[in-house]
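Have a look at the structure below before the remarks.
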Amino acid sequence: MSTQERGVDRFTAAHQQREGGGFLVRRPIGGQIRECDPFLMLDHLGPTVYGPGEAVGAPDHPHRGFETVTYVVEGGMQHKDSAGNSGTLAPGWVQWMTAGSGVVHSEMPSDEVLEKGGRSEGFQLWVNLPKKDKMIPPRYQDTPAEKIPVVKTEDGKVSVKVIAGKSLGADAYIETHTPIMFLDVALQPGASFVQPVQSSYDGFAYVWRGAGSLGPVGSSQAAKMGDVALMGSGDSFRMTASDNEAMHVLLIAGEPIREPIARYGPFVMNTQEEIQQAFHDYQSGKLGSIAGSEERYAKTAAAKKQQQASGRWQKDQGDL
């Protein structure tokens, strides 16, 4: 069966900025590339090496109308919400949170990372929900690393972590409302890999470590850490690591929803009236609250102060 490899429709380097309690992120989707239906945003958190007491997170904040996917590479994260859910995500874990009708959510560094410091890196992807699903009850899928399939090519030069969708015959453990694929592809130096991508999907590839090229042989785009490529039409996509450096790529694609989008901060709906209603519901307490919010905000303020005392805040600010 013949396939048409997708080219690169648009290519850019992700902008770096502060988010949440002051942590640094690269934003390949949601910045210069505003969105890639059904994906609203991708943030690459870190990599950052925190000293003791320096780690910051995102204290209590609301969400409605979409899903957040948190993928921890290094470090750890504690989450709590207004529905009583809580847990700690360790390296390799994925949390798929369907905000739906709305929750207040807190994402903070784990106690160990906050106390001892260390290297932290991860991702958060925002996935839109169709109108019919925007007000469904909130749901969590906290998935440990051992439940996420990791498959290799026959020559062992490429490994794929299947967070959503399918690759090399392996199906993801996680269920999704919108048909999508979310793959973390690791290529050894000189390795090339072609991943089938359903022709109806829109998608992008983000290089989060190393360097190589994206797209078909002969018309590929050289890419390094922080670069993102929107995929053109076709039914497969090629990634190739450079001859002397490995490359890690997030390959993310999904069925476009093609509905009007109204968004403001943590709310993503279809109309401005629905956004106003979301704000009203949040301010009136309908989304609930989480006990201990003052302590989390105090920890965040203390971590910022510690970063300023050590010079990390000023150094990171100079990198923006």
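Here are the numbers for the structure shown:
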| quantity | calculated |
| --- | --- |
| Subset of the range 1-60 (residues that are surrounded by fewer than 18 Cβ atoms within 10 Å (Cβ to Cβ), modelled with pLDDT under 90 and among the aliphatic types (A, V, I, L, M)) | Met1 |
| Qualifying residues in the range 112-143 (those that are in a strand (DSSP E or B) and of a type in the set (Gly, Ala, Ser)) - the one nearest to Met41 (Cα to Cα) | Gly122 |
| Residues of the range 122-153 satisfying the condition of being modelled with pLDDT under 95 and either in contact with a Pro (Cβ under 7 Å, 6 or more places away or on another chain) or among the acidic types (Asp, Glu) (or both) | Asp142 |
| Residue match in the range 206-227 (condition: touching an Asp or Glu at 6+ places or on another chain (Cβ under 8 Å) and within 30 Å of Asp133 (Cα to Cα)) | yes |
| Residue selected from the range 154-205 under the condition among the β-branched types (Val, Ile, Thr) and open to solvent by 30 Å² or more (accessible area, probe 1.4 Å), by the criterion modelled with the lowest pLDDT | Thr176 |
| Some residue of the range 177-199 being part of a strand (DSSP E or B) and among the hydroxyl-bearing types (Ser, Thr, Tyr) | yes |
| Subset of the range 75-106 [part of a loop (DSSP other than H, G, I, E, B) and either in contact with a Cys (Cβ under 8 Å, 6 or more places away or on another chain) or closer than 18 Å to His44 by Cα (or both)] | Gly75, Gly76, Ala90, Pro91, Gly92, Trp93 |
| Among (1) touching a residue at least 60 places away in the same chain (Cβ under 8 Å); (2) surrounded by fewer than 13 Cβ atoms within 10 Å (Cβ to Cβ), the one test that Pro260 misses | (1) |
| Residue selected from the range 47-74 under the condition under 20 Å from Ala301 (Cβ atoms) and not in a strand (DSSP E or B), by the criterion nearest to the chain's Cα centre (by Cα) | Gly57 |
| Of all residues in the range 289-320 being of a type in the set (Gly, Ala, Ser) and assigned to a helix (DSSP H, G or I), the one that is least open to solvent (accessible area, probe 1.4 Å) | Ala303 |
| Test: residue in the range 276-288 that is of a type outside the set (Val, Ile, Thr), touching a residue at least 60 places away in the same chain (Cβ under 8 Å) and open to solvent by 60 Å² or more (accessible area, probe 1.4 Å) | yes |
| Hits in the range 229-272 - residues which are at pLDDT below 95 and either part of a loop (DSSP other than H, G, I, E, B) or aliphatic (A, V, I, L, M) (or both) | Gly265, Pro266 |
| Residue in the range 263-272 that is surrounded by 14 or more Cβ atoms within 10 Å (Cβ to Cβ), free of Cβ contacts under 8 Å to residues at least 24 places away in the same chain and not polar (S, T, N, Q) present | no |
| Filter result (small (Gly, Ala, Ser) and within 21 Å of Ala90 (Cα to Cα)) within the range 144-166 | Ala145, Ser159, Ala164 |
| In the range 3-43, the residues that are among the aliphatic types (A, V, I, L, M) and either under 21 Å from Ile261 (Cβ atoms) or in a loop (DSSP other than H, G, I, E, B) (or both) | Ala14, Ile29, Ile33, Leu40, Met41, Leu42 |
| Candidates Ile180, Ile252, Ile174, Ile163, filtered to the one that is hydrophobic (A, V, I, L, M, F, W, C), in contact with a helix residue (DSSP H, G or I) (Cβ under 9 Å, 6 or more places away or on another chain) and in contact (Cβ under 8 Å) with a residue 12 or more places away in the chain | Ile174 |
| Cβ-Cβ under 9 Å pairs, at least 6 apart or on other chains, the range 223-237 side polar (S, T, N, Q), far side assigned to a strand (DSSP E or B) | Ser233/Asp9; Ser236/Glu5; Ser236/Val194; Ser236/Gln195; Ser236/Pro196 |
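The values are calculated or read from the model by the stated rules, or taken from the named source; none is laboratory data. For clarity, every value in this text was computed on a predicted model and none was experimentally measured. Glycine gets a Cβ as well: all are built from the backbone with ideal geometry, and neighbour counts include every protein chain shown. To get the accessible areas, we keep the full protein, side chains included, count just its heavy atoms, and leave off ligands, DNA and RNA. Shrake-Rupley method; radii C 1.70, N 1.55, O 1.52, S 1.80 Å.
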